[in-house]
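The values are calculated or read from the model by the stated rules, or taken from the named source; none is laboratory data. For clarity, every value in this text was computed on a predicted model and none was experimentally measured. We place every Cβ from the backbone using ideal geometry, glycine too, and count neighbours over all the protein chains shown. Accessible surface areas use protein heavy atoms only, side chains included; no ligands, DNA or RNA. Shrake-Rupley method; radii C 1.70, N 1.55, O 1.52, S 1.80 Å.
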Amino acid sequence: ALKWLQLVRTPPVLTLHLKRFAASLGGGTRKLSTPVPFPARLDVAPFCGGEQPPAAVDELGRDAPASGAQYALFGVVEHAGSLSGGHYTAYVRSGEQWRHYSDTSVSEASEAQALRAEAFLLFYERVE
């Protein structure tokens, strides 16, 4: 069996939610802390298609757009800690400057710091 998702139209802002919590067989929930690498620039052209779904795997991306499928990371929400004592913070890019937001404090940050975050949500803006 084969399952795929493809974009018919690329949105101006692409939001990706990374699964960071898992249910256990006993009914509890645990946090997933496995590092998940993500890029500062994202090309979604291989995941774009036309109105009709492809008939086979080798047809994936066949109707990929010539432009409008490039994205730049501008926001990362991370969850630090555990389920019982976690804390959400965010990295946000404005122009070329990254900042780290945590409750009542804001500090300058680097893109490298944002890319190392224990990401929960990723926000990408379409670039031409």
Residue tally, condition at pLDDT 95 or above, part of a strand (DSSP E or B) and either open to solvent by 80 Å² or more (accessible area, probe 1.4 Å) or not aromatic (Phe, Trp, Tyr) (or both), over region 106-125:
7
Residue in region 2-19 that is at pLDDT 80 or above, surrounded by fewer than 10 Cβ atoms within 10 Å (Cβ to Cβ) and touching a strand residue (DSSP E or B) at 6+ places or on another chain (Cβ under 6 Å) present
yes
Identify, by number, the condition in (1) open to solvent by 50 Å² or more (accessible area, probe 1.4 Å); (2) modelled with pLDDT of 85 or more; (3) out of contact with any His (no Cβ under 6 Å at 6 or more places or on another chain); (4) on the phi < 0 side of the Ramachandran plot that Asp103 doesn't meet.
(4)
Go through region 55-87 and count every residue that is at pLDDT 70 or above, open to solvent by less than 40 Å² (accessible area, probe 1.4 Å) and in a loop (DSSP other than H, G, I, E, B).
4
